[in-house]
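Note sheet for the following structure.
The values are calculated or read from the model by the stated rules, or taken from the named source; none is laboratory data. Since the structure is predicted, the reported quantities are computational estimates derived from the model, not experimental observations. All Cβ positions, even for glycine, are placed from backbone atoms using ideal geometry, and neighbour counts span all protein chains on display.
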Amino acid sequence: MTTLHPTTAPGRRSIRPPSRRPRRAGRSWAGWGFIGPFVTVFALVFLAPLAYSVHLSLFREQLIGGTTFVGFDNYEQALEDEQFWASLGRVSLFLAVQVPIMLGIALLVALAVDSGRLYGKDFFRIAVFLPYAVPAVVASLMWGFLYGTRFGLVGDINDALGVSLPDPLSPDLVLASIGNIVTWEFVGYNMLIFYAALRVVPHSLYEAAQIDGAGQWRVIAAIKLPAIRGALVIATIFSVIGSFQLFNEPAILQKLAPNAITTDYTPNYYTYSLSFSGRQHNYSATVAIVMGLITMVVAYVVQLRGMRKGA
């Protein structure tokens with residue numbers, strides 16, 4: 001008498017589950033092999049300097065006793081530093097005025113180029129983007145000499161017409177003059193971001209709007225602006241970070257307008273002066289870290305507000 005296995009039917013062969021091959025130990029490291037170079041460079045270029053800055057901010061170099069550990073004393077000093085808060089207020093004002101103007105102009109240019117009704121749009125697009133290719137130092141020097149009342153364009157106009165135009169490098173106007181330089185430099189960059197986002201909008205939306213009889217302004221408000229919302233948020237975040245990092249323009253113009261631009265004109269210029277002129281490396285690192293945290297919080301709030309549904 002033949003005894004059948006309980007799980008085996010008569011006339012059928014038993015089916016065994018496929019055996020699993022043992023996983024090789026080396027497979028678990030394959031992913032790290034791909035991202036290893038990036039992680040190494042990221043740690044050396046970003047994490048290591050950041051950790052060293054935090055380390056510097058916890059110490060203070062004194063005439064007696066040398067470098068000593070002070071904990072968070074440098075941070076308390078930064079929070080009570082009037083020069084730091086004055087420079088932060090100055091770049092905040094710059095951010096509140098210059099960024100909307102710059103992004104507004106860039107958006108208008110992008111919409112004009114995308115409309116297809118602009119004659120010579122390829123040349124116009126390149127011409128608007130070209131100032132971004134000019135280094136910030138060169139742009140600041142160029143505009144600085146244009147602003148000059150004794151040797152620049154403003155001075156030549158005064159002499160030729162016998163008028164007295166306001167000095168763009170005066171204490172009351174120098175912040176607006178810096179804003180003009182930054183706007184001239186980055187309108188083309190932001191225009192390219194907006195234009196690239198507009199080019200991927202589905203044409204079916206435009207066709208549906210045309211069938212419904214929507215005009216150009218309606219198409220812009222109902223289709224184009226909502227479609228490039230992500231690009232608007234990204235450009236705003238980049239502009240916020242760039243405003244808080246303002247350094248090149250005031251540092252170059254300071255030689256031309258020493259009475260208008262002080263060494264604590266912007267937070268970045270302040271940290272630079274503390275480190276290289278005042279030899280206060282520890283406190284300079286502290287101010288830089290505090291400014292970095294403020295920039296991170298503001299950029300996060302802008303991103304959160306911009307990406308929120310229904311905003």
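Within the stretch 223-247, residues that are touching a residue at least 40 places away in the same chain (Cβ under 8 Å) and over 23 Å from Tyr206 (Cβ atoms) reach partners that are of a type outside the set (A, V, I, L, M, F, W, C) and not in a helix (DSSP H, G or I) with beta carbons closer than 9 Å, at six or more positions or on different chains, in the pairs Phe244/Thr266; Gln245/Thr266; Leu246/Tyr265; Leu246/Thr266.
Condition check ((1) surrounded by fewer than 19 Cβ atoms within 10 Å (Cβ to Cβ); (2) modelled with pLDDT under 90) across all residues:
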position: Val91; (1), (2): no, no
position: Leu108; (1), (2): yes, no
position: Phe124; (1), (2): yes, yes
position: Tyr132; (1), (2): yes, no
position: Met142; (1), (2): yes, no
position: Phe151; (1), (2): yes, yes
position: Leu165; (1), (2): yes, yes
position: Pro168; (1), (2): no, no
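Residues of the stretch 131-151 that are assigned to a helix (DSSP H, G or I) and among the hydroxyl-bearing types (Ser, Thr, Tyr): Tyr132, Ser140, Tyr147. The residue list Thr3, Thr8 contains one member that is at pLDDT below 70 and surrounded by 11 or more Cβ atoms within 10 Å (Cβ to Cβ), which is Thr8. Among the residues examined, Gly213 qualifies as free of Cβ contacts under 8 Å to residues at least 12 places away in the same chain and small (Gly, Ala, Ser). Consider Glu76 carefully, then state whether it is surrounded by 11 or more Cβ atoms within 10 Å (Cβ to Cβ) and in contact with a His (Cβ under 8 Å, 6 or more places away or on another chain). Considered against the rule, which asks whether it is surrounded by 11 or more Cβ atoms within 10 Å (Cβ to Cβ) and in contact with a His (Cβ under 8 Å, 6 or more places away or on another chain), Glu76 comes out as no. Residues that are in a helix (DSSP H, G or I) and among the polar types (S, T, N, Q) were ranked within the stretch 158-185; the one that is nearest to Val128 (Cα to Cα) is Thr183.
On the given criteria, is Val128 on the phi < 0 side of the Ramachandran plot, modelled with pLDDT of 95 or more, in a helix (DSSP H, G or I) and not polar (S, T, N, Q)? In short, no. If I filter the stretch 290-311 down to residues being surrounded by fewer than 20 Cβ atoms within 10 Å (Cβ to Cβ) and touching a Leu at 6+ places or on another chain (Cβ under 8 Å), which single residue comes out as nearest to Val91 (Cα to Cα)? Only one residue fits best here, namely Ile294.
No other residue among Gly242, Gly230, Gly213, Gly188 is out of contact with any Cys (no Cβ under 8 Å at 6 or more places or on another chain) and assigned to a loop (DSSP other than H, G, I, E, B) apart from Gly213. Taken over the stretch 258-289, the criterion of being assigned to a loop (DSSP other than H, G, I, E, B) and either crowded, with 22+ Cβ neighbours inside 10 Å or among the acidic types (Asp, Glu) (or both) is satisfied by Ile261, Asp264, Tyr265, Thr266.
Does Thr40 count as at pLDDT below 95, within 28 Å of Val287 (Cβ to Cβ) and either loosely packed, with under 10 Cβ neighbours inside 10 Å or hydroxyl-bearing (Ser, Thr, Tyr) (or both)? Against the criterion (at pLDDT below 95, within 28 Å of Val287 (Cβ to Cβ) and either loosely packed, with under 10 Cβ neighbours inside 10 Å or hydroxyl-bearing (Ser, Thr, Tyr) (or both)), Thr40 does not qualify.
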